[in-house]
Every structure is written in structure tokens, then in C-alpha cells.
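Read through the structure below, which is laid out as C-alpha cells, and then see the notes.
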Amino acid sequence: MKAHHHLSLALLLLCLAACAPAPESDNVANTSPAPDENWVSLFNGKDLTGWDIKMAGRPLNENFRNTWRVEDSMLRVSYEDYENFDDAYGHLYYQQPYSHYKLRFEYRFTGEQTPGGANWNVRNSGVMLHSQSAASNDMGQHFPVSVELQLLGGLGEGERNTGNVCTPGTAVVMGDTINYNHCISSNSATYHGDDWVKAEAIVLGGEAMHFLIEGDTVLSFQKPQIGGGFTSRNDDAAAWKRFGVEDSYQRWLDREGEILTEGYIALQAESHPIDFRNIELLELPQE
């Protein structure tokens, strides 16, 4: 009888232990929702409010040949009014600079390249990060000094990565070494056709940048910095001038090695039609 009493008590204690609630810390970890992320839209879907236009050889905010258009809640790069490209490189700059942030957007290439565009610019565009401002470009400057998230579309066959990095007037560190190559390929898939592609950049001031395509990290690098010539380590003054940087190139040369900790975001017009939509930014805390 005494043994039976002890067995019953043990079973009761075991049942109570099984039914007890989990510790409070585990409960919080399992049930607390993630804090809301305060993403903001950089493009209102209606007009170019908040953006500046700078096209090579044109004054600030001249929308030459209506290159930049807003249609159906998309921001479009159009060449309908062009007969020839004539080196009309252009960029659309968001008016506020940023340092630590996530940028996400969707893009798609459409139609055919406008006549006169370089063969390497077929289905080629980009988003410039840590860029100089629109107003600080030289009059004929083709590209801003910046770090470019390069966007490439497939050509129907073969591989062509997107989410690469190109470095007009800049360089990046990969591993422990400064990489002076003008363009560095990602490990993304190839996206043929005119479908929308989702892209994201995680920008951590002067520490690092990470590029994502369709949710996958495809390229990472550190310490974006001024240097390496405009497109080549061996660039002289004449090379800068070929890209329209005639007045300010010496100032950039004098800043060789300066880490870029912030800058502007700019969308690129490089001779092939492209659409952008859902351009959103999330500021990140600076540690």
C-alpha cells in the first residue's frame, strides 16, 4: 500500500511538469512578432518629385528627349524620341544622401537598344550607390563617381550575371585586397526576356555592401573608396576626359584611397530601355 502511494505521487508530479508553461524567455522568443520595418518609398508612382536629372552635356534637370518617364506607376527609361543615342548617358538622382540602408526595387529590360549605343550596353543599366550629387557632375560627365550595382539582362543564350559591381572612379576591397577591376561579376543566375527581377542592396556606410538578386546574396565586398582611375588603374587625365570629367578629375585624384561612407542613389540611362518600380529604402542604425 505504501509503495502504491509513492507511485501515484510520482505520476502526479510527472503530469504537472509536462503541463507546466514554458519559461517566459522561451515564450517571448517563440511568440513575439518581429518589429515592423519602416520601409519608405523613394518613388511616388506619379512624377519625379524628389529626384534630380543629370544627363551628359545637358544642364541639371533637363529631361532631354523625355528620357525619364512615369507611366503606370513605373519609372521608365525611354528612347522613343531618339534617332541616335549620341552618348546621352543619364542618371536620375534621389535628392537625399544615405549612409546605412537597405535598398530594394524591381527592374525589367524592354524592347531594343537605341541606335548608337555601345554593344556592351545592350540590356545594361545600373543603380549608383554612394554617388556624388547630380549638381557636382561636370557638364559632359558620362557617369558619376560612385559604386554601381550593375543590372544586366540575358541575351537569349549563354550566361550573363546581374547584380555585379562596377566602379567609375572607385575601387572596393574583396578579402584583404583592393580590387581595381572596373567590373566584378556576381554569382547570380541569368535572367532572359522581359520579366521583372527583384534586386536589393545592403549598404553599411564605408564598411561593406551586399547585393541580392531574387533574395539570394550574389556579391559582397568591403571598404568602397575613391581610386583606381575612372575605369582603369592606369588612367591618366586624358582617360577621365574621355568620359566627360574635364573640370574635376584632379580633385578626385587627390582623394585617392578615401573611404566612401555615404552618398546619393542614382538610376542609370545607358541606351537600352528599362523600367523600375517599387523603389523602397529602409534606413539602418549606425553602430
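Figures for the structure shown
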read-out	value
Using distinct alpha-carbon pairs, which all enter the 1/r mean, Kirkwood radius of the stretch 210-271 in Å	14.0 Å
Dimensionless Rg over Rh [the stretch 152-287; C-alpha; Kirkwood]	0.97
Percent RCO, i.e. relative contact order, over the chain, from Cα pairs under 8 Å lying at least 6 residues apart	26 percent
Rg followed by Dmax, in Å, when the chain is reduced to its Cα trace	25.3, 104
Gap separating the Cα centres of the stretch 96-121 and the stretch 239-287, nearest whole Å	13 Å
Nitroxide proxy distance, nm - points 7 Å out along Cα→Cβ at Asn38 and Arg255	2.9 nm
Cα-based Lys pair tally, the stretch 40-283, threshold under 26 Å, eight or more apart or on separate chains	9
GluC sites (Glu not before Pro) restricted to the stretch 50-96 and DSSP loop, no more than 13 other C-beta within 10 Å	Glu62, Glu80, Glu83
Rounded to whole Hz, the Karplus (6.51, -1.76, 1.60) HN-Hα couplings of the stretch 168-174, x for glycine and proline	x, x, 9, 8, 9, 9, 10
Computed over the stretch 44-128, Cα set: Rg, Dmax in Å	13.6, 41
Net charge dipole size for the chain [Lys, Arg +1 and Asp, Glu -1 on Cβ; Debye, nearest 20]	460 debye
Loop chymotrypsin sites (Phe, Trp or Tyr not before Pro), the stretch 78-161, which have at most 15 other Cβ atoms in a 10 Å radius of their Cβ (DSSP)	none
For the stretch 59-198, average projected area of the Cα convex hull in nm²	9.7 nm²
Efficiency of FRET between Asp176 and Met139 - r from beta-carbon atoms, R0 35 angstrom, step 0.05	0.35
Charge sum, other residues only, whose C-beta stays under 11 Å from Phe85's C-beta, Lys/Arg counted +1 and Asp/Glu -1	-3
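Since every read-out is calculated from the coordinates, none of them should be taken as a lab result. Model, not experiment: these values are computed from the prediction. When we count neighbours, we look across all protein chains shown, and the Cβ atoms used for this are built from the backbone with ideal geometry, even at glycine.
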